[in-house]
1. Full extension from residue 62 to residue 129: what is 0.36 nm times the residue separation minus their Cα-Cα distance, to one decimal in nm?
2. How high is the FRET efficiency between residue 75 and residue 111 when r is their beta carbon distance and R₀ equals 25 Å, given to the nearest 0.05?
3. Suppose every K and R has +1 on its Cβ and every D and E has -1 on its Cβ; what is the size of the dipole of segment 71-146 about the Cα centre, in Debye to the nearest 20?
4. For a quick check: with amide H placed at 1.01 Å from N, whose amide H comes under 5 Å from residue 61's, ignoring anything fewer than 5 positions away on the same chain?
5. Put a dot 7 Å past each Cα toward the Cβ at residue 94 and residue 143; how far apart are the dots in nm?
Amino acid sequence: MNHSVFWIATVVFFFTLQPGTAQETEHKPRSGPDRSDIAGTRGGEDKERMVRNSRQSREQERPEEKEQRIRHLFEAAEHLEMAGLGDESRRFREMAHRMMGELHQHRENRQLEQIHRELRGLQEAVKALREQNEMLRKHLENRKPE
């Protein structure tokens with residue numbers, strides 16, 4: 001059982017080091033009891049803010065960082081599976097597959113943007129050639145026959 005506790009602690013530690021967690025948000029430790037925590041209202045708000053910040057930071061990650069995060073999720077899923085936590089393992093795998101889809105979509109969008117930039121450049125070049133062609137045609141028409 002100590003082996004599975006180790007892997008669970010490792011997974012939890014991994015996610016506490018990721019960008020956008022409470023360590024990087026406005027969340028500051030409070031001293032003394034807070035009545036809103038006792039009522040259960042504040043904890044939910046903090047959790048929602050942490051999740052929202054985490055999503056925003058993941059959206060701003062470079063593709064290499066996303067690939068590394070995906071690898072870590074798959075590794076964590078394997079460790080959870082070995083620890084006998086199949087449901088958690090499945091949830092991590094689903095998260096990794098969803099992130100792979102997002103990464104693939106992001107790459108496709110970048111490729112399409114590049115194609116559109118190249119197409120606009122070609123359209124501008126064709127327009128410039130047409131203008132030059134029209135100038136030459138007018139110049140030849142105005143030229144006196146010899």
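Each reported figure results from applying straightforward, stated rules to the coordinates on display, with no laboratory input. The shown structure was predicted, so the numbers you read here are calculated from the model rather than taken from an experiment. Here Cβ is always computed from backbone atoms with ideal geometry, including for glycine, and neighbour counts include all displayed protein chains.
1. Details: separation 67, 0.36 × 67 = 24.12 nm, distance 3.90 nm.
Gain on extension, residue 62 to residue 129, equals 20.2 nm.
2. With R0 = 25 Å, the Cβ-Cβ based efficiency is 0.30.
3. Here the size comes out at about 620 debye.
4. Here nothing satisfies the definition.
5. Label-label distance for residue 143 and residue 94, simple model: 7.4 nm.
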